[in-house]
Amino acid sequence: MQTLIQGKAFYCGDFVDTDVMSPGRFEPYEGRDHLASIALIDYQAEPPFVDPKTKNSPFTVIFAGREFGCGSSRETAPQALAYAGAKVVIARSFARIFFRNCVNMGLLLPIIYDHPFDEAIVGTEVSVDVEQRVFTVKGQEYHFSDFGPLTDIIQAGGLTQYNKQRLGLGA
Amino acid sequence: MPAQSMTHKILARAAGKESVATGEFLEANVDMCFTHDPVLESLRELFYAEFGRDAKVFDPDKIALFQDHLVPAKDAISRRLALAMDNFAAEQQIKNYYPYGANFGVCHIMMCEQGHVLPNQVILGTDSHSVTYGAFNAFGTGVGLVDMLNVFLVGKLWFRVPEVIEVRVDGQLPPNVLAKDIILRLLQDIGMDGASGKTIEFTGSTIDQLSAEERMTLCNMTVEAGAKNGIMALSDNARAYLARVAPNATLNPVTTDPDFEYCQQLHYKAEDMQAMVAYPHRPDNVRTITQTKDEHVPVTQIYVGSCTGAKFEDIQVVVDVLQGQKVAKGVQLLVVPASTNIYRRMAEHNLIAPLLDSGAVIESPGCKACYGAHGGILGDNESCLSTTNRNFRGRMGNPNSFVYLASPYVAARSALNGYITD
Ligand code: SF4
């Protein structure tokens, strides 16, 4: 896991579901670039998360409302966001499978923070210091809690790496 | 020992502990798990890449594989995914494999019908509606690909012991009010994060009297409130179902201690329930049928399908309402039985001819348009009344369409009238 993450902010409201992140109509996916190109395609926002020209996202940090990632268990949802360029989601709360997928895959750091942000934050430069557990928006620092018993999994880079280290498994 | 809910007891047993505390993290042994066609190919590749060319699954008899989301093959990649599953089943000697063919269907229905769900078990699927198994007093929950990848190797997974919400329903439901209406009512009341990460435990005389399939409908949609699992005590109807599908199994059901402290309690009188409809684009955007009728919402597609709304009894309700009468002009009625077993029973019980007389199209089993990949995609601005579980924007394949959720009874009545009604 990268310890210092910097980039532009995107904003999502409450209850953004996994169907709008990676809709079933695009299944089966043709690969990583295809998945990145449709990330959050059915979430209505201006500008959209993925730039239709570059097929990638200019945004690194997603601020979200309640129960981010609700709905299905598809790992293609966090994958799509991460492959398009996002590295962190700072949400008021997460749906449980989406949160697990983020922790387990080690691609997208899920930070729970009951923040006051809204659409106005879109495009703002944000930095996230994972080790110090603080993110900075317009010079203001926001401290977030640690990951409790999940810290080891996050530090290992995901559940598979964690299990391999712990159990001495694998290739 | 602190008082335990049935969910606590199952997790404690699976973790080799006498009791557990709410909020505790533990590693539980998995009794049964599965994955399906959209996930397996990636899982297979990762399994060998991460754990070695000769890696073996923890126990081939505790794994089931289903082809349900992308059958019949939607395109060449779908077929490639199906073939990857053939290979994995052969390499790992997985007998509980249900490919497109003689005996297949939507994973959750297959899990129950094939006797893979028993009381007191920890059952995981790479699918959020794995919460269905609480209908048989099991701890069922959905996980993602990486969780399952690791479960396939080690047979265990970490969990946080959840808080438990009691939803008590007592009394006799009015005629034509179904489990779907109860769960939509609950969603209206607690919202899409009302049970986030928690257990919904159903109690009360109504729950005890529901048929096994209706109990499945209720547990199935607890995830729409964000629940980790839905669960209920074993009932006579659930026992009778298990006696049919798993005649040799020993049942060790669990109950909640009388002094267990729920984090929240909701109490409903069944007599007060009525048919409910979820409006686009959220399953908790629910109104009563009385309100909906007044609005005269026209629909052009009626979809009777999915792990929620295409079990045998769901389809029987539709047939009983239609009685061979023609669906309204301009309405297409799709009936997608959830499994071949249900399809066969429809034939045996003479449900097929009356449906055809009404103008219904009976599709082969599978997930189909429930999640919008194929088979019944809506046009722009088109509205569908569906017996499925989710109506997120684009869920049925077109972000410019509208999906309403209701019971099979409301679906059939709406098919006859061309607008949403009971
Ligand atoms: S029928 Fe629908 S909800 Fe059920 S498993 Fe298939 S896609 Fe998911």
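The values are calculated or read from the model by the stated rules, or taken from the named source; none is laboratory data. Model, not experiment: these values are computed from the prediction. Neighbour counts are summed over all protein chains in view; Cβ atoms, including those assigned to glycine, are modelled from backbone coordinates with ideal geometry.
Worth pointing out:
- Count of the stretch A:82-123 residues, restricted to those that are away from every other protein chain (no Cβ under 14 Å) and not charged (D, E, K, R), is 16.
- Residue tally, condition among the small types (Gly, Ala, Ser), more than 15 Å from residue B:98 (Cβ to Cβ) and in contact (Cβ under 8 Å) with a residue 40 or more places away in the chain, over the stretch B:27-78: 4
- Subset of the stretch A:126-140 [within 20 Å of the chain's Cα centre (by Cα) and either assigned to a strand (DSSP E or B) or not basic (Lys, Arg) (or both)]: A:126, A:127, A:128, A:129, A:130, A:131, A:132, A:134, A:135, A:136, A:137
- Any hit, the stretch B:324-333, residues being in contact with a Phe, Trp or Tyr (Cβ under 7 Å, 6 or more places away or on another chain) and away from the ligand (no atom under 16 Å from the Cβ): no
- Residues being part of a loop (DSSP other than H, G, I, E, B) and closer than 20 Å to residue B:35 by Cα - total across the stretch A:70-94: 5
- The stretch B:12-35: number of residues that are assigned to a strand (DSSP E or B) and surrounded by fewer than 21 Cβ atoms within 10 Å (Cβ to Cβ): 4
- Among the residues of this structure, residue B:76 counts as one that is within 14 Å of chain A (Cβ to nearest Cβ), out of contact with any Asp or Glu (no Cβ under 6 Å at 6 or more places or on another chain) and over 22 Å from residue B:306 (Cα atoms).
- Put simply, of A:26, A:117 the only residue that is in contact with a strand residue (DSSP E or B) (Cβ under 9 Å, 6 or more places away or on another chain) and among the aromatic types (Phe, Trp, Tyr) is A:117.
- Screening A:7, A:13, A:24, A:31 for residues that are in contact (Cβ under 8 Å) with a residue 60 or more places away in the chain and among the small types (Gly, Ala, Ser) leaves exactly one candidate, A:7.
- The numbered conditions (1) in contact (Cβ under 8 Å) with a residue 60 or more places away in the chain; (2) farther than 20 Å from residue B:370 by Cβ; (3) not acidic (Asp, Glu) are all true for residue B:106 except (2).
Matching residues to (1) polar (S, T, N, Q); (2) assigned to a helix (DSSP H, G or I):
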{"position": "B:162", "(1), (2)": "no, no"}
{"position": "B:166", "(1), (2)": "no, no"}
{"position": "B:169", "(1), (2)": "no, no"}
{"position": "B:174", "(1), (2)": "no, no"}
{"position": "B:187", "(1), (2)": "no, yes"}
{"position": "B:196", "(1), (2)": "yes, no"}
{"position": "B:202", "(1), (2)": "no, no"}
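- Taking the conditions (1) away from the ligand (no atom under 16 Å from the Cβ); (2) within 14 Å of chain A (Cβ to nearest Cβ); (3) touching a Ser or Thr at 6+ places or on another chain (Cβ under 8 Å) in turn, residue B:140 satisfies each one other than (1).
- For the stretch A:91-114, filtering for residues that are under 17 Å from residue A:73 (Cα atoms) and out of contact with any strand residue (DSSP E or B) (no Cβ under 7 Å at 6 or more places or on another chain) leaves 7.
- One residue stands out among those in the stretch B:294-311 that are in a helix (DSSP H, G or I) and more than 12 Å from residue B:217 (Cα to Cα): the one that is farthest from the ligand (Cβ to nearest atom), which is B:294.
- Some residue of the stretch A:145-154 being away from chain B (no Cβ under 14 Å) and surrounded by 12 or more Cβ atoms within 10 Å (Cβ to Cβ): no
- Those helices (runs of 4 or more DSSP H) lying entirely in the stretch B:326-422 with at least 3 residues farther than 23 Å from residue B:108 by Cα and touching a residue at least 40 places away in the same chain (Cβ under 8 Å): B:408-417
- Residue within the stretch B:248-262 that is outside any loop (DSSP other than H, G, I, E, B) and either in contact (Cβ under 8 Å) with a residue 12 or more places away in the chain or buried (at least 17 other Cβ atoms within 10 Å of the Cβ) (or both) present: no
- Complete set of residues in the stretch B:91-130 that are among the aliphatic types (A, V, I, L, M) and more than 17 Å from residue B:69 (Cα to Cα): B:94, B:117, B:118, B:122, B:123, B:124
- Candidate set from the stretch B:90-137 (those that are under 11 Å from the mean Cα position of the chain (by Cα) and more than 14 Å from the ligand (Cβ to nearest atom)); member that is farthest from residue B:225 (Cα to Cα): B:135
- Residues in the stretch A:39-71 that are polar (S, T, N, Q) and modelled with pLDDT of 95 or more: A:54, A:56, A:57, A:60.
- Residue match in the stretch B:215-226 (condition: in the same structural domain as residue B:114 (by TED's automatic domain parsing), touching a residue at least 12 places away in the same chain (Cβ under 8 Å) and surrounded by fewer than 24 Cβ atoms within 10 Å (Cβ to Cβ)): no
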